[in-house]
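One structure is given here, and the rest of the page talks about it.
What follows is calculated from the coordinates using simple rules that are stated; it is not laboratory data. Note that the structure is a prediction, hence the values are computed from the model and not measured. Glycine also receives a Cβ, built like all others from the backbone with ideal geometry; neighbour counts cover every protein chain displayed.
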Amino acid sequence: KGGNVGIRVHNTGKTDHELVVFRADLDEAALPLGPDGKVDEKGAGITHLDPEAEGVAPGKTKSITVDLAPGRYVLVCNLPGHYKQGMHAVLTVT
């Protein structure tokens, strides 16, 4: 449901990761990219939300709380190359 939503990020990988939340109606695999291969956080068709769960080291966990209105969101790891490797998911808030 909408409101303050807690998100717990646990990194089971072998490299650092992060979690960035965007409000978007775009296809989750078609977000605008910058020249560095990361999602352009100011790109057309998306709205970047704070906070982010940055620098989640292997085996570590970070938690964030994001105020989400009803709508569609895309969650991504926005480190270089990670989004294009499929590290994204859709979250629908009612």
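Near K38, the amide H atoms lying under 5 Å from its own belong to G81; only residues 5 or more places off or on other chains count, and H is placed 1.01 Å from N.
Here the Karplus relation 6.51 cos²θ - 1.76 cosθ + 1.60, evaluated at θ = phi - 60°, turns the backbone of region 21-34 into coupling constants of 10, 10, 7, 7, 9, 5, 4, 4, 9, 10, 6, x, 10, x Hz, with x for every Gly and Pro.
Assign unit charges at the C-beta atoms only (+1 for Lys and Arg, -1 for Asp and Glu), then state the dipole size of region 45-94 relative to its Cα centre in Debye, rounded to the nearest 20. Let's see the in-between values first.
Numbers: 4 positive and 4 negative charges, 43 e Å.
So the magnitude is around 200 debye.
For the cross-link pairs K14/K62; K1/K84; K14/K42, the ones whose C-alpha atoms lie over 21 Å apart are K1/K84; K14/K42. Projecting the Cα atoms of L49, N4, V39 onto the charge dipole of the chain, computed from C-beta unit charges around the Cα centre, puts N4 farthest toward the positive end.
Net charge dipole, the chain: roughly 300 debye, given to the nearest 20, about the Cα centre with Cβ charges of +1 for Lys and Arg and -1 for Asp and Glu. Taking a point 7 Å out from the Cα of V5 in the direction of its Cβ, the residues of region 60-84 whose backbone N falls within less than 11 Å of it are 66-75.
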